[in-house]
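Computed from the coordinates by the stated procedures, all read-outs in this text should not be read as laboratory data. Values in this document were obtained by computation on a predicted structure and should not be read as measured data. Cβ placement follows ideal geometry from the backbone for every residue including glycine, while neighbour counts extend to all protein chains displayed.
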Amino acid sequence: MKIAIKSPSTEACEAIRQLLSPWKVTFTNLDEAEIAVTYQENPPENIESIIIPSDSPSFKRWLKDRGLKITTEQGSKTTITATPKTNLTITPKKQYCYKRSTRTVSTLNPSPYVKLSDGVLLMTLDVIEEHARIIDKVLNPKLSTFYRLLTGLPVPYTLAPERLRNVVMGKKKREVNFSFNDKLPLDALRYLIVKSLERITHETPERKSWEGKRYVCLMTHDVDSREGLRRARRIVKLEEKYDVPSAWYIPSKRYKLDRAVLENLANHGEIGAHDTKHDGKLGQISENKLVRRLHDVKKTLEKIIGQPVKGFRAPLLQHNANILEALERVGYAYDSSVPTWEPNHPSSMGPCGVGTVYPLHTDGIVEIPVTLPQDHQMNQVLGLSAKQTVKKWLEMVYLIKKLEGVGTILVHPNHKIGHSRKSDIYEELLNSLISDNDILLTTPIWMVEQCC
């Protein structure tokens, strides 16, 4: 499908390309396009058009010339059909309603768009503004006072007793809705555009293929301690048994690194950087210190394993725009520090996530979200057992399969599932995954270089 974007905004053009990145669409000029997506401008003549609403004067004038009025209302929950059996929801900041005289042309719910004529379809959501709002919240997170105090101490936060940290993080059994349907607002925007294309062209854009497989699953591990590195050997043996590669994120200055173990991990899958220290300060230090730390850990690990280190994951899944910019400067290919959704992220002390199961391209870096809530959230924060965690993960992986996205699983070697005495639970997880012929089990860097 050939699409032209008609907008004076560079940011808008990039947002549309980003949102449609999982599909095989070609962006071209108006003369060659089959359909135009218009924002803050009049739609072109003689070509089918999808119009994204805005508060721009030109858009309002265009509506007025056609006897239409536009009003805005506080956004209410909107349902977007992703697949025949999967609905995603989003609650936008505002929604648009179009009226002709006293007769309502479109309603806010349930339809997120209205067909104005055979060749023009109007959306009721400003997709560009919503996209920017979601991304801005991720790249400029609001840190909790407790987190600032804890990581602002001259000593590492890990010196605080683990029991105290678990109490603060809210370790208790509580009811949590693990359904992804209402936790993927970014993907709801993706499918809003796709369904608009389908409605006006009667053609479904083709999805990009994951090397002939329907979806991807990445097994990843954060090795936060010397004990975790020791236990990594047992996990690798299990993964080798099932021919499942994995990525291991290693800090360079928290404990003594064992060359033989790291070489084994690198040969089995991939070694990624996990900062120099695990002190939670990465998102609050100066730009020069940030770049220096990211460079130091990369070079230290590369010297040990004799291979390039191209991936990064921040301790505590810290993330912001400064970190991503520094990673690009240092020469990393991807980051995997932003959760798709977590019930109680340590930096905000509340729910947090980017709301997508697909990779993002930002600041020259591919962002691979940690799609499933990590084991620490499931075990230490929510109080779920290892077996309960695996069950919930597999349920969430099933939805990712339907959306043909990427499932990133984070298992710490020194937590319940990765613990040697719980290896049967981890083996159960591996067994369930490899039994699906539609899955591609690979490493993040392979996926980035081959498919992104």
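To the nearest 10 degrees, how steeply does helix 10-19 sit against the main Cα axis of the chain, on a 0 to 90 scale?
70
So which trypsin sites (Lys or Arg not before Pro) in the range 255-330 pass both tests, a DSSP loop state and at most 10 other Cβ atoms within 10 Å of the Cβ? Walk me through the intermediate numbers first.
On the way: sites: LYS256, ARG259, LYS277, LYS281, LYS289, ARG292, ARG293, LYS298, LYS299, LYS303, LYS310, ARG313, ARG329; in loops: LYS256, LYS277, LYS281, LYS310, ARG313.
Sparse-neighbourhood loop trypsin sites (Lys or Arg not before Pro): LYS256.
What angle do you read, to the nearest 10 degrees and between 0 and 90, between the alpha-carbon axis of helix 287-305 and the longest principal axis of the chain?
For helix 287-305, the angle is close to 60 degrees.
Given Cβ point charges of +1 (Lys, Arg) and -1 (Asp, Glu) and nothing else, what value in debye, to the nearest 20, does the dipole of the range 363-452 about its Cα centre take?
My answer is approximately 460 debye.
Taking 0.36 nm per intervening residue step and subtracting the Cα-Cα distance, what contour gain separates LYS303 from ASP438 on full extension?
Length gained between LYS303 and ASP438: 44.9 nm.
Under the definition of Cα pairs under 8 Å and six or more residues apart, what whole-number percent is the relative contact order of the chain? Intermediate values should be presented prior to the final figure.
Values: 865 pairs, mean separation 72.3, N = 452.
After rounding, I find 16 percent.
With a 10 Å Cβ neighbour count serving as the proxy for reagent exposure, in which order, fewest first, do MET378, MET349 appear?
MET349, MET378
About the Cα centre of the chain, what is the dipole size in debye to 20, counting +1 per Lys and Arg Cβ and -1 per Asp and Glu Cβ, all else neutral?
1620
Place +1 on the Cβ of every Lys and Arg and -1 on the Cβ of every Asp and Glu in the range 209-451, take the dipole about the Cα centre, and give the residue among LEU430, GLY383, THR443 whose Cα lies farthest towards its positive end.
Among LEU430, GLY383, THR443, the one farthest towards the positive end of the dipole of the range 209-451 is GLY383.
Can you pull the one-decimal nm distance between simple spin-label points at LYS115 and ASP363, each 7 Å off the Cα toward Cβ?
About 4.4 nm separates the two model spin labels.
When the chain is fully extended, how far beyond the present Cα-Cα distance does ARG199 get from GLU32, taking 0.36 nm per residue of separation?
58.1 nm
Restricting to DSSP loop positions (anything but H, G, I, E, B) with no more than 15 other Cβ atoms inside 10 Å of their own Cβ, which GluC sites (Glu not before Pro) remain in the range 35-143?
In loop regions of the range 35-143 (DSSP not H, G, I, E or B), the sparsely surrounded GluC sites (Glu not before Pro) are GLU45.
Which percent, nearest 5, of DSSP beta bridges in the chain are antiparallel?
Beta bridges within the chain, antiparallel portion: roughly 40 percent.
Rank the residues THR408, THR81 as a footprinting-exposure proxy: fewest other Cβ atoms within 10 Å of their Cβ go first.
On the way: THR408 26, THR81 16.
With the sparsest Cβ surroundings first, the list reads THR81, THR408.
What is the local net charge at ASN437, summed over the other residues whose Cβ is closer than 10 Å to its Cβ (Lys, Arg +1; Asp, Glu -1)?
Summing Lys and Arg as +1 and Asp and Glu as -1 gives 0.
Of LEU122, ILE52, ILE305, whose Cα points farthest to the positive end of the dipole of the chain (charges on the beta-carbon: +1 Lys, Arg; -1 Asp, Glu; origin at the Cα centre)?
About the Cα centre, the residue reaching furthest to the positive side is ILE305.
Taking the Cα centre of the range 1-156 as the origin, how large is its charge dipole in debye, to the nearest 20, when only Lys and Arg (+1) and Asp and Glu (-1) carry charge on their Cβ atoms?
700
In whole Å, what are the extents of the chain along the principal axes defined by its C-alpha atoms, from largest to smallest?
72, 47, 42
For a label point 7 Å from the Cα of ALA260 along Cα→C-beta, name the residues of the range 204-227 whose backbone N is under 17 Å from it.
Zone members listed by number: 227.
Give me the distance in nm between label points sitting 7 Å out from Cα along the Cα-to-Cβ direction at SER76 and ARG233, one decimal.
6.2
Along the charge dipole of the range 209-451, which of TRP248, LEU324, ILE409 sits closest to the positive end, that is, farthest toward it, with unit charges on the beta carbon of Lys, Arg, Asp and Glu (+1, +1, -1, -1)?
The listed residue farthest towards the positive side: TRP248.
Can you figure out the FRET efficiency of LEU394 with THR10, using R₀ = 51 Å and their beta-carbon distance, to the nearest 0.05?
Efficiency for this residue pair is about 0.80.
Counting pairs of alpha carbon atoms under 8 Å apart in space and at least six apart in sequence, what relative contact order in percent does the range 265-320 give? Intermediate values should be presented prior to the final figure.
Working: 48 pairs, mean separation 29.6, N = 56.
Computed over the range 265-320, the figure is 53 percent.
Arrange the following residues from fewest to most other Cβ atoms within 10 Å of their Cβ: ASP438, ASP118. Present the calculation step by step, with values, prior to reporting the outcome.
Numbers: ASP438 11, ASP118 8.
With the fewest neighbours first, ASP438, ASP118 line up as ASP118, ASP438.
Could you tell me what percent of the DSSP beta bridges with both partners in the range 209-451 are antiparallel, to the nearest 5?
Here the share of antiparallel DSSP bridges comes out near 20 percent.
To the nearest 10 degrees, how steep is helix 321-330 against the longest Cα principal axis of the chain, on a 0 to 90 scale?
So the helix axis and the longest Cα principal axis differ by about 70 degrees.
Roughly how many nanometres apart are two label points built 7 Å out from the Cα toward the Cβ at LYS387 and LYS289?
Label at LYS387, label at LYS289, 4.7 nm between them.
Once you have the Cα-Cα distance between ARG207 and ASN267, take 0.36 nm times their residue separation minus that, and quote the gain in nm to one decimal.
18.4 nm
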